[in-house]
Amino acid sequence: MPDRGGGPTGPRIRGGRPSGRARTLLMTLGVLAVLGMAFVMFAGFWTDWLWYRSVKYSSVFTTTLWTKIGLFFVFGLLMAAAVGVNIWLAHRLRPPLSAMSMEQQSLDRYRMGIAPYKTWLLLGITALVGLVAGASASSQWRTWLMWVNGVPFHQKDPQFHLDVSFYAFDLPWYRFLLGFGFAATVLSLIAAALTHYLYGGLRITSPGARATAAATGHLSVLLGVFVALKAVAYWLDRYGLAVKSSDFKATGNWTGLRYVDANAYLPAKTILFCIAVICALLFFATLWRRTWQLPVIGFGLMVLSAILIGGLYPAIVQKFQVQPNEQAKEAPYVDKNLKATREAYGIDDAQVSEYAGTSSTKDKSTLRDDADATASIRLLDPNIVSPTFQQLQQMKNYYAFPTNLDVDRYTKDGKDQDTVIGLRELNLNGIPKNNWINDHFRYTHGYGVVAAKGTTADANGQPVFTESDLPSTGDLGTYEQRIYYGEKTTTYSIVGGPQKEIDYSDDNGEKTTSYQGKSGVSLSNPINRAAYAVAFSEPQILYSGAIGDGSRILYNRTPKERVEAVAPWLTIDGDAYPAVVDGRIQWIVDAYTTSNGYPYSSRTTLGDTTADSLTAGNTQRAVMAQQNQVNYIRNSVKATVDAYTGEVKLYQWDTEDPVLKTWMKAFPGTVEPRSDISSSLMAHLRYPQDLFKVQRELLTRYHVKDAQTFLSGSEVWQVPDDPTNKTGNAVPPYYLSMKMPDQQAQAFSLTTTFTPNGRDNLSAFMAVDSEAGTPDYGKIRILKLPTSRTVDGPKQVQSQFNSEQSIAESIRLLKGGDSDIEYGNLLTVPLDGGLLYVEPVYVRGGGLKYPLLRKVLVTYGGNTAFEDTLDEALNKVFAVQGPTAPPDTGTGKPPTPGNPTVQQALQDAQKAFDAGQEALKKGDWEAYGRAQKALKDALKLAEEAQTKAGKTSGGGSGGASGSSPSATPGSSPGSSPSSSPSGSPSSSPTASGGG
């Protein structure tokens with residue numbers, strides 16, 4: 001016999017089929033591929049479980065997982081059973097095929113082809129529809145948990161008098177069940193009809209009856225179920241009118257019943273419900289009558305009724321009853337919308353007061369004194385000075401500050417002080433060489449807090465740091481300075497193993513450390529390493545020698561990511577902010593519960609409403625990322641994330657919120673009671689900006705309580721565009737310590753302005769008390785300006801600043817050379833019936849890469865000033881000499897020009913600084929080091945001399961100054977060796993990263 005195969009060792013091919021060895025190889029490869037896919041799926045599941053267990057929120061993972069699995073199997077099996085039973089029933093009811101028509105003979109080859117595989121085909125079809133239905137149902141885990149755990153609102157809607165929880169928790173679940181029922185019925189109907197056709201129960205071209213009696217009965221029952229579900233849909237639609245959206249010119253996105261809904265759609269839905277029930281009964285009756293005549297007539301009547309009663313009749317009512325007298329017809333329903341919207345957004349207690357807009361106080365001295373007492377004007381704009389922090393306090397290129405810094409309060413000498421604060425976070429783009437070891441093992445964390453007084457700057461326009469240098473020292477005391485979790489830590493790090501981490505650098509070189517926290521997931525287990533190698537697509541995790549005993553992987557490291565992961569049912573504020581609390585850096589994250597089912601409350605889109613000039617193009621300060629619409633929101637949770645350990649804590653903030661109570665029932669033990677918030681943490685909690693932006697947007701219309709005024713649109717306001725830039729985006733709200741006319745003392749507040757719709761003059765000023773733990777926290781106060789005359793708004797004030805000749809000339813001079821002008825936050829302060837506007841002006845140029853505060857713009861009562869300091873500007877505006885404090889030198893002590901020792905020390909400091917600059921130009925680092933030491937010694941000597949002279953420290957209400965005794969003689973902008981609180985030169989090249 002000839003050899004049909006290859007050589008003695010080659011695979012033999014018989015009849016074109018692989019030999020046994022080849023088949024074995026193919027089977028092995030197939031098994032390995034299946035195992036590989038299975039391990040990839042397992043890796044995702046396993047790493048998720050390990051992460052949730054590491055943050056001690058495993059119950060969130062398991063509750064969510066088992067809910068999804070339960071919904072998947074229950075609804076998947078229901079769908080598979082519904083389709084499978086109807087296919088089986090249609091096959092069982094098939095007619096005998098002894099006398100087949102030509103049509104059926106043509107189908108015979110298909111029947112013969114599937115006959116051997118009928119069981120497998122049935123199982124395959126049912127499995128497919130079951131998988132699709134189960135996957136769809138598992139995505140409804142939130143709807144299920146809210147329905148099964150829902151608690152009452154103890155508020156009823158004004159139309160049906162049902163508790164709001166019915167619309168928020170029950171109705172969404174009923175609608176899901178209805179949609180599932182429709183899907184199951186339609187798929188069953190299609191599958192049954194195809195089966196009947198295949199086996200002769202239905203005929204299309206054959207003469208005689210088109211369907212057998214059995215097929216008629218079967219399909220009519222399915223059609224009856226479909227129509228019965230349509231009847232249920234009509235009934236639920238009645239309640240859905242209470243949360244139905246429609247565009248209405250007076251309210252925007254209206255939610256709830258209007259006149260036409262209550263008087264046309266509502267009765268129409270009731271009538272259509274009755275017709276659908278009758279039609280469904282006629283379909284069911286075909287089981288006995290065996291005729292389609294009555295059901296078809298009934299179905300046609302239902303369709304015709306839906307067109308006439310459900311469409312045409314409401315249009316006639318709208319055209320001939322509502323439009324001729326719209327305000328009178330809609331007023332009762334607008335009243336309901338006004339009340340519900342104000343309750344749903346927490347603005348029902350907003351206090352609206354009339355405000356004159358001009359001062360009646362004649363005594364200028366009183367006005368000048370009140371200007372100091374009414375507000376602590378924040379001159380340091382956290383959205384401008386980040387480059388200044390970067391230049392003066394970055395220290396190393398692998399550190400960075402956020403684009404927008406934060407405003408907080410810290411107590412010193414028993415007095416709260418508005419503080420601009422930022423963290424020196426890790427910046428992987430700035431490390432000397434990027435590779436896998438450096439990026440994930442050596443450079444793992446940032447280091448230290450940098451903070452500055454918000455109300456003042458030093459003589460050179462630089463921030464007066466209250467916490468600075470590396471390691472950071474100053475007013476904040478001792479705390480854990482390493483930052484493993486922050487807004488810039490978007491990649492994973494592997495810590496705690498044999499590879500040491502770069503801690504920070506000082507004059508003695510780099511310091512190393514090894515992570516001592518319990519955060520992250522252990523990689524000591526080879527299974528864990530393999531799972532993370534697959535999950536992160538990084539095979540080196542599996543075999544790298546840099547990973548050993550004690551190695552832990554840290555990921556999901558931004559505060560927003562961590563809170564979203566442990567509480568996926570919360571909506572997260574766009575801006576987390578840091579605070580030093582009890583010796584630790586804590587990220588504070590505001591979180592919200594929302595609903596789309598509050599009856600009569602108008603809807604808003606969170607992503608659009610929370611956008612402003614700060615969020616435009618800034619990925620680190622995002623809007624509330626959702627573009628979904630909601631009509632109920634509460635700041636129900638305050639969350640913290642430890643910057644070192646990553647520990648996440650959720651605190652119940654709104655103890656009355658029924659949505660939060662529902663989620664707390666669904667995930668017991670995840671949210672800690674409000675009483676667990678320590679007093680030290682409470683001191684740093686504040687009213688969240690995103691909630692405030694949502695509320696101010698609603699208050700542009702809903703500040704009125706009268707339906708007729710509301711419908712007329714005469715009192716509609718708008719949030720003005722930011723006048724300090726040309727983005728065209730809304731002005732952001734500003735944190736400011738101030739007092740409103742009815743307050744006795746300053747309170748940390750969040751403020752904004754309103755202008756009339758389409759105009760630039762001021763219509764109102766709004767502030768909310770932001771001091772957590774006080775009785776007035778969250779109280780919204782609105783000062784409404786008179787409509788009989790105009791009061792300048794922010795854009796008009798900015799135009800006055802820019803157009804006044806003397807100011808324009810000064811700005812032109814400041815722009816000399818390659819300098820740029822940057823306008824800081826335009827702050828508005830109500831003062832004795834009038835409005836005080838203050839705007840810091842920064843200059844960036846002259847070789848500097850960062851802005852310095854150089855001037856302050858102030859206007860009040862038509863008087864405008866553009867001066868070096870806030871005190872000078874106020875003195876000029878009020879034509880009264882106020883109690884001007886000396887400029888802050890950054891040491892907390894005023895200058896002492898009359899002390900010869902101080903004068904000599906300052907001269908020595910200037911010489912040392914100049915020598916250092918020369919050494920830098922020549923690249924002589926040894927000479928530069930000697931100059932820096934001499935500079936530090938001279939400044940220390942000056943400070944000691946001041947202390948011995950018995951001078952008291954001067955805080956200063958501050959501002960920028962072009963020249964001052966505190967400035968080193970001959971210093972240029974940005975080059976003064978003003979010292980930080982620790983005594984080291986904060987503006988020296990060393991401190992700014994130049995060394």
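The values are calculated or read from the model by the stated rules, or taken from the named source; none is laboratory data. Source: prediction; values computed, not measured. Cβ placement follows ideal geometry from the backbone for every residue including glycine, while neighbour counts extend to all protein chains displayed.
Select from the range 807-824 the residues that are aliphatic (A, V, I, L, M) and without any contact (Cβ under 8 Å) to a residue 24 or more places away in the chain and write down the one among them that is surrounded by the fewest Cβ atoms within 10 Å (Cβ to Cβ). By that ranking, first place goes to 813. Within the range 206-218, can one find any residue that is of a type outside the set (S, T, N, Q), at pLDDT 85 or above and under 30 Å from residue 271 (Cα atoms)? Checked against the condition, which is being of a type outside the set (S, T, N, Q), at pLDDT 85 or above and under 30 Å from residue 271 (Cα atoms), the range 206-218 yields at least one hit. Out of all the residues in the range 160-179, is one or more closer than 30 Å to residue 84 by Cβ, among the aliphatic types (A, V, I, L, M) and assigned by TED's automatic domain parsing to the domain that holds residue 80? Yes, the conditions are met somewhere in the range 160-179.
Against the criterion of being at pLDDT 95 or above, part of a loop (DSSP other than H, G, I, E, B), under 30 Å from residue 52 (Cβ atoms) and not hydrophobic (A, V, I, L, M, F, W, C), residue 485 qualifies.
Looking at 298, 310, just one residue is surrounded by 17 or more Cβ atoms within 10 Å (Cβ to Cβ), modelled with pLDDT under 85 and closer than 28 Å to residue 259 by Cα, and that residue is 310. Counting only residues that are assigned to a loop (DSSP other than H, G, I, E, B) and out of contact with any strand residue (DSSP E or B) (no Cβ under 6 Å at 6 or more places or on another chain), which one in the range 419-441 is surrounded by the most Cβ atoms within 10 Å (Cβ to Cβ)? Among them, the one singled out is 431. Within the range 219-257, can you find the residues that are small (Gly, Ala, Ser), modelled with pLDDT under 85 and out of contact with any Leu (no Cβ under 6 Å at 6 or more places or on another chain)? Scanning the range 219-257 gives 245, 246, 252. Would you please name the residue that is nearest to residue 146 (Cα to Cα), looking only at residues in the range 547-587 that are assigned to a strand (DSSP E or B) and within 13 Å of the chain's Cα centre (by Cα)? Out of the qualifying residues, it is 571. Within the range 751-791, the residues that satisfy the criterion of being in contact (Cβ under 8 Å) with a residue 40 or more places away in the chain, among the charged types (D, E, K, R) and closer than 23 Å to residue 741 by Cβ are 769, 771, 779, 781, 784, 789. A single member of 466, 444 is in a strand (DSSP E or B), touching a strand residue (DSSP E or B) at 6+ places or on another chain (Cβ under 7 Å) and either under 27 Å from residue 849 (Cα atoms) or in contact (Cβ under 8 Å) with a residue 40 or more places away in the chain (or both), and it is 466. I'm trying to understand the selection: among the residues of the range 342-380, which are in a helix (DSSP H, G or I) and over 33 Å from the mean Cα position of the chain (by Cα)? Across the range 342-380, the qualifying residues are 364, 365, 366, 367, 368, 369, 370, 371, 372, 373. Exactly one residue out of 133, 183, 215, 192 is more than 30 Å from residue 291 (Cβ to Cβ) and assigned to a helix (DSSP H, G or I), and it is 133.
Pick from the range 709-734 the residues that are assigned to a strand (DSSP E or B) and crowded, with 20+ Cβ neighbours inside 10 Å: which of them is farthest from the chain's Cα centre (by Cα)?
717
Going by the conditions given, is residue 355 surrounded by 18 or more Cβ atoms within 10 Å (Cβ to Cβ), modelled with pLDDT of 90 or more and out of contact with any helix residue (DSSP H, G or I) (no Cβ under 8 Å at 6 or more places or on another chain)? It is true that residue 355 is surrounded by 18 or more Cβ atoms within 10 Å (Cβ to Cβ), modelled with pLDDT of 90 or more and out of contact with any helix residue (DSSP H, G or I) (no Cβ under 8 Å at 6 or more places or on another chain).
Quick check: anything in the range 653-666 polar (S, T, N, Q), at pLDDT 95 or above and part of a helix (DSSP H, G or I)? For the range 653-666, residues polar (S, T, N, Q), at pLDDT 95 or above and part of a helix (DSSP H, G or I): present. In the set (1) surrounded by fewer than 19 Cβ atoms within 10 Å (Cβ to Cβ); (2) among the aliphatic types (A, V, I, L, M); (3) in contact (Cβ under 8 Å) with a residue 40 or more places away in the chain, the condition left unmet by residue 541 is number (1). Of the residues making up the range 608-615, at least one is outside any loop (DSSP other than H, G, I, E, B) and either surrounded by fewer than 24 Cβ atoms within 10 Å (Cβ to Cβ) or modelled with pLDDT under 90 (or both).
For (1) surrounded by fewer than 18 Cβ atoms within 10 Å (Cβ to Cβ); (2) more than 30 Å from residue 702 (Cα to Cα); (3) modelled with pLDDT of 90 or more, each residue gets a yes or a no:
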site	(1), (2), (3)
340	no, no, yes
348	yes, no, yes
363	yes, yes, no
367	no, yes, no
388	no, yes, yes
407	no, no, yes
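Screening residue 679 on (1) surrounded by fewer than 19 Cβ atoms within 10 Å (Cβ to Cβ); (2) among the hydroxyl-bearing types (Ser, Thr, Tyr); (3) under 23 Å from the mean Cα position of the chain (by Cα) shows it passes everything except condition (3). Beta carbons closer than 9 Å, at least 6 apart along the sequence or on distinct chains, never pair a first residue in the range 518-530 that is in the same structural domain as residue 648 (by TED's automatic domain parsing) with a second that is surrounded by fewer than 19 Cβ atoms within 10 Å (Cβ to Cβ) and among the acidic types (Asp, Glu). Checking each residue in the range 760-801 for being modelled with pLDDT under 90, loosely packed, with under 13 Cβ neighbours inside 10 Å and either within 37 Å of the chain's Cα centre (by Cα) or assigned to a strand (DSSP E or B) (or both) picks out 773, 787. Suppose the filter is modelled with pLDDT under 50 and either surrounded by fewer than 11 Cβ atoms within 10 Å (Cβ to Cβ) or not assigned by TED's automatic domain parsing to the domain that holds residue 648 (or both); does residue 4 pass it? So residue 4 fits the description; yes. Looking across the range 136-175, the residues that are part of a helix (DSSP H, G or I), surrounded by fewer than 18 Cβ atoms within 10 Å (Cβ to Cβ) and of a type in the set (A, V, I, L, M, F, W, C) come down to 148, 173.
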